[in-house]
Amino acid sequence: QVQLVESGGGLVQAGGSLRLSCAASERTFIGRTMSWFRQAPGKERKFVAAITWSGGTTNYADSVKGRFTISRDNTKNTVYLQMNSLRPEDTAVYYCAAGSSRYSSLESDFGSWGQGTQVTVSS
């Protein structure tokens, strides 16, 4: 039973933009904090951004602040990650995750994960 499906990844040149989408089942989405994590080749998965159910709280990893924006459309059960000014070091598999009603940026607090979408930034 697939609950989170990411899309929007691809190959882009440095300085370019991509928008990732994550479509969730209603049960996985409603009332939950949603997040994006990423995993570069040979490295651990790391927090990128998170947003609470109301959208009133958002948080970003220092490495993406000012370049990435997380948002959500609660009428569509979808969370987005707008990525601008992309850099080669942003290359990774990006994962969408659903947590609880509380805000968190800890991987262990997110129990539902998508399959990931590849983002490759060429120099």
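Data overview
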{"quantity": "Single match in Arg45, Arg38, Arg19, Arg27 (criterion: of a type outside the set (Asp, Glu) and modelled with pLDDT under 95)", "calculated": "Arg27"}
{"quantity": "Checking Glu26 against (1) surrounded by 13 or more Cβ atoms within 10 Å (Cβ to Cβ); (2) under 19 Å from Glu6 (Cβ atoms), the condition it does not meet", "calculated": "(1)"}
{"quantity": "Spans of strands (runs of 3 or more DSSP E) in segment 52-123 with at least 1 residues open to solvent by 50 Å² or more (accessible area, probe 1.4 Å)", "calculated": "58-60, 68-73, 78-83, 117-122"}
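Yes/no per residue for (1) of a type outside the set (S, T, N, Q); (2) under 14 Å from the mean Cα position of the chain (by Cα):
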position: Ser21; (1), (2): no, yes
position: Ala24; (1), (2): yes, yes
position: Lys43; (1), (2): yes, no
position: Ala50; (1), (2): yes, yes
position: Tyr60; (1), (2): yes, yes
position: Gly66; (1), (2): yes, no
position: Ile70; (1), (2): yes, yes
position: Asn74; (1), (2): no, no
position: Thr78; (1), (2): no, yes
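Quick grid of which residues meet (1) in contact (Cβ under 8 Å) with a residue 60 or more places away in the chain; (2) at positive phi; (3) surrounded by fewer than 14 Cβ atoms within 10 Å (Cβ to Cβ); (4) not hydroxyl-bearing (Ser, Thr, Tyr):
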residue	(1), (2), (3), (4)
Gly8	yes, yes, no, yes
Leu18	yes, no, no, yes
Cys22	yes, no, no, yes
Arg32	yes, no, no, yes
Ala49	no, no, no, yes
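The values are calculated or read from the model by the stated rules, or taken from the named source; none is laboratory data. Model, not experiment: these values are computed from the prediction. Ideal geometry is used to build each Cβ from the backbone, glycine not excepted, and the neighbour counts take in all protein chains shown. When the accessible area is computed, the model is the full protein with side chains, heavy atoms only, and any ligands, DNA or RNA have been set aside. Shrake-Rupley method; radii C 1.70, N 1.55, O 1.52, S 1.80 Å.
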